[in-house]
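Written below as structure tokens is the structure these notes are about.
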Amino acid sequence: MSGSVHPDSSDSGSGILLLDKPPGVTSNAALGRAKRVLGIRKAGHTGTLDPMASGLLALCFGEATKVAGFLLDADKTYLAEATLGVVTDSEDAEGEVTARHAVPDLDIEDIETVLERFRGPIEQVPPMHSALKHKGQRLYELARRGEQVERPPRPVTIHELTLTSFESPQLGLAVRCSKGTYIRSLVRDIGQALGCGAHLSALRRTYSAPFQLVDATTLDELNTLDQAAGRGLLRPADTALSHLPAVELDTTQATRLRQGQRLSGLEPMPAGLIRAYHQHTFLGITETDGHGRLSPKRLFAVGD
């Protein structure tokens, strides 16, 4: 077993497109445009961006939709702007203003003292304007009817929280966080801690592990391409799994694995998920028990 296997793409109709979503466009609308350019019907995104937000949106096409769940769980990095003194019902600039407060005379030290409270593992109450469910209904559906329900706090981790600018009432933040984190709610809570309230007035996603915004294509650029050129932008599905160790299988082992059989007698490695390859072609996600046995977990269709 080795972690040095070289990934390869076996299907031009499958892969991951890194898109720089503009503000004012929903994630689903951006996905729909990309599907039309690439001519691939089976597709999905890996964690939505709100319409007002911009930045990195990883879109999975064809067989690559099988790795979407791994990207949903990835850490993400954002550049955010908070506007102090103005509270909205959606916690961002798209909502209705519910309160206005005077912004105190803050200095950098005051702000840093508050930010320190939100670094590391925290409990966060998700916003009412979210896709989470309460008794089978989306919270945003209840919010649109003017209803409020209690939302239990959820554990999230703020790995990094950096003040990038401050010119009252605007506060610039760089945030690297775990899955499930709502930047709107983080800004809401920071505003409350500062004593004046706040809402998220701008947001840009710059990283979604393991992908970076600098490698993304804009919608305008994508719209200038024909189908072949658009598909040429697709990255192999296994690039989303670079954090997993890899194993190169021989022909007999690969055949058995693709038939759904468990393999044994392999070199032991720590229990967990493994990328499996045959002749540098990605076969799929497998799982080892730590004792030389390997079971298929999520296999990919590959050409013979």
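Every read-out reported here was derived from the displayed coordinates using simple, explicitly stated rules and does not represent laboratory data. Computed from a predicted model, the values in this text were never measured in an experiment. Don't worry about glycine lacking a Cβ; one is built from the backbone with ideal geometry, like all the others, and counts go over all protein chains shown.
See the values below:
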item	result
Cα coordinate range in the chain, projected on the principal axes (Å, largest first)	71, 46, 39
More than 14 angstrom apart: percent of Cα pairs within the stretch 244-299	42 percent
Cβ-Cβ FRET estimate between residue 110 and residue 287, R0 fixed at 35 Å, reported to 0.05	0.10
Between 0 and 90°, nearest 10: helix 183-194 axis offset from the chain longest Cα axis	30 degrees
Sites matching GluC sites (Glu not before Pro) across the stretch 75-124 that sit in DSSP coil, with at most 12 neighbouring C-beta atoms within 10 Å	96
Helix axis angle, 27-38 relative to the chain longest principal axis, alpha carbon, degrees	40 degrees
Chain lengthening between residue 167 and residue 119 when straightened (0.36 nm per residue, less Cα-Cα)	15.1 nm
Extension gain, residue 243 back to residue 157 (0.36 nm per residue minus Cα-Cα distance, nm)	29.0 nm
Helix-only mean residue ellipticity at 222 nm for the chain, each DSSP H run of n ≥ 4 adding -39500 (n - 2.57), per residue, nearest 500	-5500 deg cm²/dmol
Count, lysine Cα pairs under 16 Å in the chain, 8 or more residues apart or across chains	5
Per-pair calculated FRET efficiency, R0 = 22 Å: residue 225 and residue 29 via Cβ, rounded to 0.05	0.75
